[in-house]
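Take a look at the structure below.
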Amino acid sequence: MASRKHLAAVMGAKVLMVGAGGIGCELLKTLALSGFQDIHIIDMDTIEVSNLNRQFLFRQSHVGQSKAKVAREAVLKFRPEISITSYHANVKDSDFNVDFFKQFNVVLNGLDNLDARRHVNRLCLGADVPLIESGTTGFLGQVTVHVKGRTECYECQPKPAPKTYPVCTITSTPSKFVHCIVWAKELLFAKLFGDKNQTNDLNVRSSDGASSSEQAEDVFEHSNDEDIEQYGRRIYDHVFGYNIEQALSNEETWKNRNRPKPMYVRDFKLNELGQQNGSVEKNGAANDVYSVSAMASLGMKNPQDIWSLMENSRVFLEALKLFFMKRQKEIGNLTFDKDDQLAVEFVTAAANIRAASFGIPLHSLFEAKGIAGNIVHAVATTNAIIAGLIVIEAIKVLQNDTKNYRMTYCLEHPARKMLLMPVDPFEPNKSCYVCSETPLSLEINTHRTKLRDVVEKIVRAKLGMGLPLIMHGSALLYEVGDDLDEDMVANYAANLDKVLSEFPTPVTSGTMLTIEDFQQELSCKINIKHREEFDEEKEPDGMVLSGWTQAPAVAQDDKKSTANAGSSSNASSSMEPEKTDDIETTPEKKRKLSEVSESANPDLSSVAGSSTRNPEKLELDDDDDELVIFDKWDSVTDKKIKLQ
């Protein structure tokens, strides 16, 4: 039975949950059943059909409604005596400031993106409120405790950026299936069905950056009197035939690469394609656009089948035809949606045809959807386990039981008969600019760089500040806020276009800038170092920030990956590692991180996967997000000090 101290801590606590998705649903249920009486939930998302297989507080009738509000209503049905307050809002809204966070005894995160996690971490530090972080992906999960001054904060260790690919790789020299998916989703789909005025790199032929011809641009225009099937074949020949031949014309590109094979409709039996053409009548009602399906038209049923090249060609032509026949009004405004069956079919077929051309293995629609839709298939049981661990750590925090705080990893395969691997948390990283206020160093050409570059590339992009203030001594160079008058706004806007060395109080080598974000109550200092030249390839920003570290992007297994395409000129994909053999660890006692690291290098690749026997540290995101790992586990653990 729970002790009186335990019950008092639980029943008297005011708890903030951020996120009501996969982990959030399980967490809210577990908190309510554990005796918590005052719970607040923030979530900006609405319920989608794809959530229903694991977010059990939601039903089909709830689709389109607020996750936070529906989760509250569902739990109150079996715990009507407790208080649950829901906020259908973004946690980064100004209403949720440090003062708002100060009212809570503990904050529990179930978020799905790095930006929001960093924001909540800073608010918790500013409010001096303990934060419990969590994440799951598939069978893997983790829970970590962050208490100001006692343990490392969420940002004490670097978080990897998604893997990015140059546009020339996507358009001209793909070597992985994810490259083909990005090409089909971000370039071809957008070119045919999206905004016609949007910049698109589809016609970049090869690494020499040759621009497309006027004739090639005209290929994508569809005239009203043109037969739609003829149009589809023309598009097929252009993107899979003509464009490939143009790429092959640059012999230098293919000296050390396998040459792709151009694909034309004439390569197939036209009669067979014609006889097996789909029936539009087999599709759903015209007003239900998401029910339109090329697979249904063609009598194809299993999304886990890997289609042949012929089948992919049929799906490609059928999907394109259906878009123009059944969804004509949407053309010009469409963006890819993983819940849009016809869009997924088109992208899968296009990616597979391109993959076949470049000698890349084909994938099923199920696999392609996971990559294109940024999906790591979630497991409800993992969410439930992690939710239980969050509540256990929350109770320890509320009882101030610091000696028993644990970071716990949920493994896919037993390591020494353990599926849960607890390790002690660590002291704050003395080099962390967020919780230790260590000055950063910025190498920059002060005679050419404008303040705008510093704000956009450093303050916002790297430091994650949403409402920054920049000071040089007592001089205020830049500020953002709703309380500024028009003259101040105009003045700061003008400052953005000034070169650093041309300010009345020049920013030169040796200058110390103070950067603050009042919403996050975060302040850091940046020491400016003038530098004349930068390597355009290795240092494209024209500046180098030291003291802030970004872990290297990780490699991906296409079949288990998540892909995330950026703009047409910068496609990106988050990667999941392959699994390796397990090494068992002792189940009888809780493990210190130093012991985990030293005891025969136990395989936390059963947590994260590793190409070597050297384990790597996890960072897991909830709700169809990506698996992130830290390389060089030993270098990380050597720098960390166990919390005494």
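The values are calculated or read from the model by the stated rules, or taken from the named source; none is laboratory data. Note that the structure is predicted; figures quoted are calculated from it, not measured. Quick reminder, even Gly has a Cβ in these numbers, built from the backbone with ideal geometry, and neighbours come from all protein chains shown. For the accessible areas, the whole protein counts, side chains as well, though only heavy atoms, and no ligand, DNA or RNA atoms are used. Shrake-Rupley method; radii C 1.70, N 1.55, O 1.52, S 1.80 Å.
Count of the stretch 128-157 residues, restricted to those that are surrounded by fewer than 20 Cβ atoms within 10 Å (Cβ to Cβ) and closer than 24 Å to residue 85 by Cβ, is 1. Select from the stretch 519-533 the residues that are farther than 23 Å from residue 128 by Cα and open to solvent by less than 50 Å² (accessible area, probe 1.4 Å) and list them in ascending order. Of everything in the stretch 519-533, those that are farther than 23 Å from residue 128 by Cα and open to solvent by less than 50 Å² (accessible area, probe 1.4 Å) turn out to be 526, 527, 528.
Taking the residues in the stretch 403-412 that are of a type outside the set (A, V, I, L, M, F, W, C) and not in a helix (DSSP H, G or I) as candidates, determine which candidate is most open to solvent (accessible area, probe 1.4 Å).
In the first step, residues of the stretch 403-412 are kept if they are of a type outside the set (A, V, I, L, M, F, W, C); the result is 403-406, 408-409, 412.
In the following step, the residues that additionally are not in a helix (DSSP H, G or I) were identified as 405-406, 408-409, 412.
Values: 405: 6, 406: 29, 408: 12, 409: 6, 412: 61 Å².
Step by step, filter the stretch 403-412, then rank; the result is 412.
Between 471, 421, which is farther than 26 Å from residue 19 by Cβ and either in contact with a helix residue (DSSP H, G or I) (Cβ under 9 Å, 6 or more places away or on another chain) or part of a strand (DSSP E or B) (or both)? Break it down into steps so the answer makes sense when it comes.
On the way: 421 fails: farther than 26 Å from residue 19 by Cβ.
One residue alone meets the criteria, 471.
Per the conditions (1) surrounded by fewer than 20 Cβ atoms within 10 Å (Cβ to Cβ); (2) assigned to a loop (DSSP other than H, G, I, E, B), the sole criterion not satisfied by residue 329 is (2).
Within the stretch 81-96, how many residues turn out to be of a type outside the set (Asp, Glu), under 13 Å from residue 120 (Cα atoms) and either open to solvent by 40 Å² or more (accessible area, probe 1.4 Å) or over 25 Å from the mean Cα position of the chain (by Cα) (or both)?
Filtering the stretch 81-96 down to residues of a type outside the set (Asp, Glu) leaves 82-92, 94, 96.
Cutting the leftovers down to under 13 Å from residue 120 (Cα atoms) gives us 90-92, 94, 96.
Subsequent filtering for residues that are either open to solvent by 40 Å² or more (accessible area, probe 1.4 Å) or over 25 Å from the mean Cα position of the chain (by Cα) (or both) retains 90, 92, 94.
The number of residues fulfilling the criteria is 3.
The residue list 469, 477 contains one member that is crowded, with 18+ Cβ neighbours inside 10 Å and either over 20 Å from residue 115 (Cα atoms) or touching a Pro at 6+ places or on another chain (Cβ under 9 Å) (or both), which is 477. Among the residues making up the stretch 67-80, those that are touching a strand residue (DSSP E or B) at 6+ places or on another chain (Cβ under 8 Å), of a type in the set (A, V, I, L, M, F, W, C) and surrounded by 19 or more Cβ atoms within 10 Å (Cβ to Cβ) are 68, 71, 75. Within the stretch 489-500, at least one residue is open to solvent by 60 Å² or more (accessible area, probe 1.4 Å) and either more than 29 Å from residue 93 (Cα to Cα) or in contact with a strand residue (DSSP E or B) (Cβ under 7 Å, 6 or more places away or on another chain) (or both). Output the residues belonging to the stretch 27-66 that are crowded, with 16+ Cβ neighbours inside 10 Å, within 21 Å of residue 390 (Cα to Cα) and of a type in the set (A, V, I, L, M). Passing the criteria: 27, 28, 31, 32, 39, 41, 42, 57.
Every test in (1) under 27 Å from residue 129 (Cα atoms); (2) at pLDDT below 95; (3) within 25 Å of the chain's Cα centre (by Cα); (4) open to solvent by 20 Å² or more (accessible area, probe 1.4 Å) is passed by residue 99 save one, and that test is (3). Among residues of the stretch 67-82 that are in the same structural domain as residue 29 (by the TED database), those with a Cβ under 8 angstrom from a residue that is in a helix (DSSP H, G or I) and open to solvent by 90 Å² or more (accessible area, probe 1.4 Å), sequence gap 6+ or separate chain, pair up as 79/33. Summed over the stretch 227-266, the residues that are farther than 22 Å from residue 351 by Cβ and small (Gly, Ala, Ser) give a count of 1.
Listed conditions (1) part of a helix (DSSP H, G or I); (2) touching a residue at least 40 places away in the same chain (Cβ under 8 Å); (3) closer than 15 Å to residue 50 by Cβ are all met by residue 344, apart from (2). Before we move on, is residue 355 modelled with pLDDT of 95 or more, touching a Leu at 6+ places or on another chain (Cβ under 9 Å) and not in a loop (DSSP other than H, G, I, E, B)? Spelling it out, residue 355 is indeed modelled with pLDDT of 95 or more, touching a Leu at 6+ places or on another chain (Cβ under 9 Å) and not in a loop (DSSP other than H, G, I, E, B).
Against the numbered list (1) more than 30 Å from residue 56 (Cα to Cα); (2) open to solvent by 10 Å² or more (accessible area, probe 1.4 Å); (3) not assigned by the TED database to the domain that holds residue 20, residue 400 comes up short only at (3). Of the residues making up the stretch 16-33, those that are closer than 15 Å to residue 80 by Cα and either at pLDDT below 95 or not polar (S, T, N, Q) (or both) are 28, 29, 31, 32, 33. Residues in the stretch 380-395 that are in contact with a Lys or Arg (Cβ under 8 Å, 6 or more places away or on another chain) and surrounded by fewer than 19 Cβ atoms within 10 Å (Cβ to Cβ): 380 alone.
Within the stretch 360-416, the residues that satisfy the criterion of being within 22 Å of residue 11 (Cα to Cα) and of a type in the set (Ser, Thr, Tyr) are 402, 405.
A Cβ distance below 6 Å, combined with a sequence gap of six or more or placement on separate chains, defines the contacts here; from the stretch 296-308, residues that are over 10 Å from residue 363 (Cα atoms) reach residues that are hydroxyl-bearing (Ser, Thr, Tyr) and surrounded by fewer than 13 Cβ atoms within 10 Å (Cβ to Cβ) in the pairs 297/279. Selection of the stretch 428-440 for residues being open to solvent by 20 Å² or more (accessible area, probe 1.4 Å) and at pLDDT below 90 yields 429, 430, 431, 435, 436, 437, 438, 439. Pairs linking a residue in the stretch 534-555 that is open to solvent by 50 Å² or more (accessible area, probe 1.4 Å) to a residue that is modelled with pLDDT of 75 or more and part of a loop (DSSP other than H, G, I, E, B), with Cβ atoms under 6 Å and 6 or more positions apart or on different chains, are 549/158; 550/158. Here the stretch 503-518 is the region considered, the condition is being under 30 Å from the mean Cα position of the chain (by Cα) and open to solvent by less than 10 Å² (accessible area, probe 1.4 Å), and the residue that is nearest to residue 433 (Cα to Cα) is 515. Screening the candidates 372, 415 for the property of being in contact with a Pro (Cβ under 7 Å, 6 or more places away or on another chain) and open to solvent by less than 10 Å² (accessible area, probe 1.4 Å) yields one hit, 415.
With respect to residue 108, determine if the residue is buried (at least 24 other Cβ atoms within 10 Å of the Cβ), assigned by the TED database to the domain that holds residue 21, in a strand (DSSP E or B) and of a type in the set (A, V, I, L, M). Criteria met by residue 108.
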